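The structure under discussion appears below in the form of structure tokens.
The values are calculated or read from the model by the stated rules, or taken from the named source; none is laboratory data. Keep in mind the model is a prediction, meaning the values are calculated, not measured. Virtual Cβ from ideal backbone geometry, glycine too; neighbours counted across all protein chains shown. Just the protein is used for accessible areas: all its heavy atoms, side chains included, with ligands, DNA and RNA removed. Shrake-Rupley method; radii C 1.70, N 1.55, O 1.52, S 1.80 Å.
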Amino acid sequence: MAELKQTARRIFAETLAAIDIPATMHRKLARAGTRIRYGDAEIDLAAFNRIAAIAVGKAAYAMAAGLCDVLAPQFHATGILAVPAPPPRELPGFRTFLAGHPVPNAASLAAGSAALDLLAGSDERTLVFFLLSGGGSALLESPLDPAISLENIQQLNRALVTCGAPIDDINAVRKHLSAVKGGRLAAAAPRAMKITLGVTDVPAGRESALASGPTLPDPTTVEDANRVVEQYGLLDELPPILQAKFVRRHSSLPETPKANDPAFARAHFSLLLGMPDLFHHAHRAAESAGFVTVCDN
């Protein structure tokens, strides 16, 4: 048994080493001179007079550090880092927020406000990297209605995560109350070039579940949000200011940006690491240890 435990730990360690995030950034953001290739697209960094970065999630520090390495020494990004624990070191040009997870805290709201401030005034010559990973929904928040307090947001979050609803339903409600979720972070910089890189285990085609989809068109609607509140009996668990958003139904909940919104004309999403990457490296490590291996998602 002890030998099997050691083998399992070795497979785990080899898998983590193979999906090293900064190294993956270098591999998938292939840079030659001033040009960077990501996925099937390519941009010229020299075409922009400002580079910003918003890194949110459990892997935010590693992703931001990897981006800084890719850009250096010719180019530099200014940005924010919303993380659940202190990073190993400060990144030059980045403001760090020790935000709350799984429940948002004051730093989560401060990070959301800082992200919106960073994007304000962005134009065609602004390049923004959004670096998203798990936990982003709680780590970055800004209420669409400024009268909604942190305590209101925390009460909403507790009600949602304990009601038994699937994550897509939970996000449908959160997105329609947020100034940064459901595509609204992209809409805050409509003219900028926007590149979102994700580290996630969500299934293909459901990328908007990552960090509640701050830079992607929102497939959910106001009607979905109202349905979730009604279906799971959430209304009585919400503070009065949030109850009013749903009691009056459509009149008080603005719709989130959809695919035809101009904000997405210069917006691109690329998966940096996903479930297939994890499976591939774990599969190889297990086979090299002598096991007959099948990946079951």
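What is the sum of charges around F279, taking Lys and Arg as +1, Asp and Glu as -1, for the other residues whose C-beta is under 13 Å from the C-beta of F279?
Summing Lys/Arg as +1 and Asp/Glu as -1 gives -3.
From Cα pairs below 8 angstrom and at least 6 apart in sequence, can you work out the relative contact order of segment 34-126, rounded to a whole percent? Mind showing how you got there, number by number?
Details: 122 pairs, mean separation 23.1, N = 93.
Rounded, it is 25 percent for segment 34-126.
Nothing charged except the Cβ atoms of Lys and Arg (+1) and of Asp and Glu (-1): what's the magnitude of the dipole of segment 249-297 about its Cα centre? Round to the nearest 20 debye. Working shown, then result.
On the way: 4 positive and 5 negative charges, 46 e Å.
Approximately 220 debye in magnitude.
Probe 1.4 Å, all protein chains in place: accessible area of T220 in Å², nearest 10?
Approximately 20 Å² for this residue.
Run the helix sum for the chain: -39,500 (n - 2.57) per DSSP H stretch of 4+ residues, divided by residue count, reported at 222 nm to the nearest 500 deg cm²/dmol.
On the way: 11 runs with 114 residues, N = 297.
The helix-only estimate for the chain comes to -11500 deg cm²/dmol at 222 nm.
Show D123, D296, D218 ordered by accessible area, largest first, where the area counts protein heavy atoms only and the probe is 1.4 Å. Before the final figure, lay out the partial values.
On the way: D123 45, D296 135, D218 5 Å².
So, going from the largest accessible area down, we get D296, D123, D218.
With a 1.4 Å probe and every protein chain left in place, work out the accessible area per residue of the chain in Å², rounded to a whole number.
Values: 13670 Å² over 297 residues.
Here the residues of the chain average 46 Å² of exposed surface.
In percent, what relative contact order does the chain have, based on Cα pairs under 8 Å that are 6 or more apart in sequence?
On the way: 552 pairs, mean separation 54.5, N = 297.
Relative contact order of the chain: 18 percent.
Provide, in order from the shortest bin, the percent of all Cα-Cα pairs of segment 173-297 in each 5 Å bin, continuing until the bin that contains the maximum pair distance.
Going out from 0 Å in 5 Å bins, segment 173-297 shows 2, 10, 16, 15, 14, 11, 10, 8, 6, 4, 2, 1, 0 percent.
State which stretch of the chain is the longest one without any exposed trypsin sites (Lys or Arg not before Pro), exposure meaning a DSSP loop state and at most 11 other Cβ atoms within 10 Å. Show your work: numbers first, answer last.
Working: sites that count: R89, R248.
Counting only loop sites that pass the neighbour cut-off, the longest clear stretch is 90-247.
Cut-off under 23 Å on the C-alpha distance; same-chain residues fewer than 8 positions from K28 excluded. Which lysines are left, in chain and number order?
Once the sequence-local lysines are set aside, what remains near K28 is K58, K194.
If one computes the Cα centroid of segment 254-294 and of segment 28-59, what distance in Å separates the two points?
Using only Cα atoms, the two centres lie 18 Å from each other.
So what does D69 come to for accessible area, using a 1.4 Å probe and Å² rounded to 10?
It works out to around 80 Å².
Leaving ligands, DNA and RNA out of it, work out the accessible area of H281 with a 1.4 Å probe and give it in Å² to the nearest 10.
50
Dipole size in debye (nearest 20) for segment 1-143 around its Cα centre, Lys and Arg Cβ +1, Asp and Glu Cβ -1? Write out the running numbers ahead of the final one.
Details: 13 positive and 12 negative charges, 72 e Å.
The dipole of segment 1-143 has a size of about 340 debye.
Kindly list the residues of segment 267-297 that lie in the label zone of R10, defined by a backbone N under 13 Å from the point 7 Å along the Cα-to-C-beta vector.
Only 285-291 fall inside the zone, counting backbone N under 13 Å.
Roughly speaking, what is the stretch gain from R50 to A259, that is 0.36 nm per residue apart minus the C-alpha to C-alpha distance, in nm to one decimal? Provide the component values of the computation, followed by the final result.
Values: separation 209, 0.36 × 209 = 75.24 nm, distance 2.60 nm.
Here the segment from R50 to A259 would lengthen by 72.6 nm.
Roughly how many percent of the accessible protein surface of the chain is carbon and sulfur, given a 1.4 Å probe and a whole-percent answer?
On the way: 7690 of 13670 Å².
Answer for the chain: carbon and sulfur cover 56 percent of the accessible area.
In segment 1-106, which GluC sites (Glu not before Pro) are in a loop and have at most 16 other Cβ atoms within 10 Å, using DSSP for the loop call?
Details: sites: E3, E14, E42, E90; in loops: E90.
Qualifying residues, ordered by number: E90.
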